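Below: one structure, written as C-alpha cells.
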Amino acid sequence: MARLIFGLALMLLTSTAYAVGVGDPAPSFDLPAFSERDEADNRVEFQGKIVLVNFWASWCKPCKEELPALERLYQKYQERGFEVVGINIDKEEKHVARFLSRHPVTFSVLLDPDASVIAAYHARAMPTSFLIDRKGTIRWVKFGFSKSQIPLFENEISNLLKEPSHASTR
C-alpha cells in the first residue's frame, strides 16, 4: 500500500512539475487540418499573434456551448489580430465532421487523434483553452467551460489586443 501511495504521489509531482501554465512559452505544433481550408494553418507558431488554443472533443457536452461562443469572439476580434485554433482529440474524423456540421466554426480546426499536442500542453479537462500573447507566452489558462466565463474570455482577449504589437522581447 505504501508503495502504491508513493507511486501515485511521484506521478502527480512529476506530471505537475512539467505542466504548461501561465508565463510559460506555448509549445508550437504541427497537426493535420480537418479541412482543406485549414491546410495552410496546420503549423502553429505564436510569435506576433494573439491565439486562443482550444482543446475539444465531439463527446464533450460543454464543448457544444463553448465552440459557438469562441466562434462569436473570433468573428468579433479576428480583424484586430485574434486567432482561434481548435484542436480536436477524437480518434475518428467522422465524429469531428458530425459535430462541426451541427456547430460550424470558421476558425482553424486541427486534429490530434493520438493526443500528442494535448499531452504537451498537459490539458487535464475538456474543454481546455490557452490564451497566448504575441511573444508566444501563455497568459491565461481555463479548464472547463460555463456561459458565465464568456465575459472573462472577452476581457482577456481585449486586454491582450490592446498591448502594443511591436513590444520588444527581452
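Within the stretch 59-152, the trypsin sites (Lys or Arg not before Pro) that combine a DSSP coil assignment with at most 14 other C-beta atoms in a 10 angstrom radius are LYS91, ARG124. Electrostatic bookkeeping for GLU163 treats Lys and Arg as +1 and Asp and Glu as -1; over the other residues with beta carbon under 10 Å from its beta carbon, the sum is +3. Loop-located GluC sites (Glu not before Pro) in the stretch 91-165 (DSSP state not H, G, I, E or B) with no more than 12 neighbouring Cβ atoms inside 10 Å: GLU92. With labels modelled as points extended 7 Å from the Cα through the Cβ direction, what inter-label distance (nm, one decimal) is found for GLU154 paired with ARG72? Calculated label separation equals 0.7 nm. Sort the stretch 21-162 into rounded, prolate or oblate with this rule: let a ≥ b ≥ c be the square roots of the eigenvalues of the Cα gyration tensor; rounded if a/c is under 1.5, and if a/c is not under 1.5, prolate when a/b is larger than b/c, oblate otherwise. Rounded is the answer for the stretch 21-162, as its axis ratio a/c remains below 1.5. For LYS64, project a label point 7 Å along Cα to C-beta. Then give me every residue of the stretch 78-92 with its amide nitrogen under 18 Å of that point. Within reach of a label on LYS64: 89-90.
On the beta carbon distance between GLN47 and HIS103, with R0 = 25 Å, the FRET formula returns roughly 0.25.
Computed from the coordinates by the stated procedures, all read-outs in this text should not be read as laboratory data. Only a predicted model underlies this, so the values are computations on that prediction, with no experimental measurement involved. Quick reminder, even Gly has a Cβ in these numbers, built from the backbone with ideal geometry, and neighbours come from all protein chains shown.
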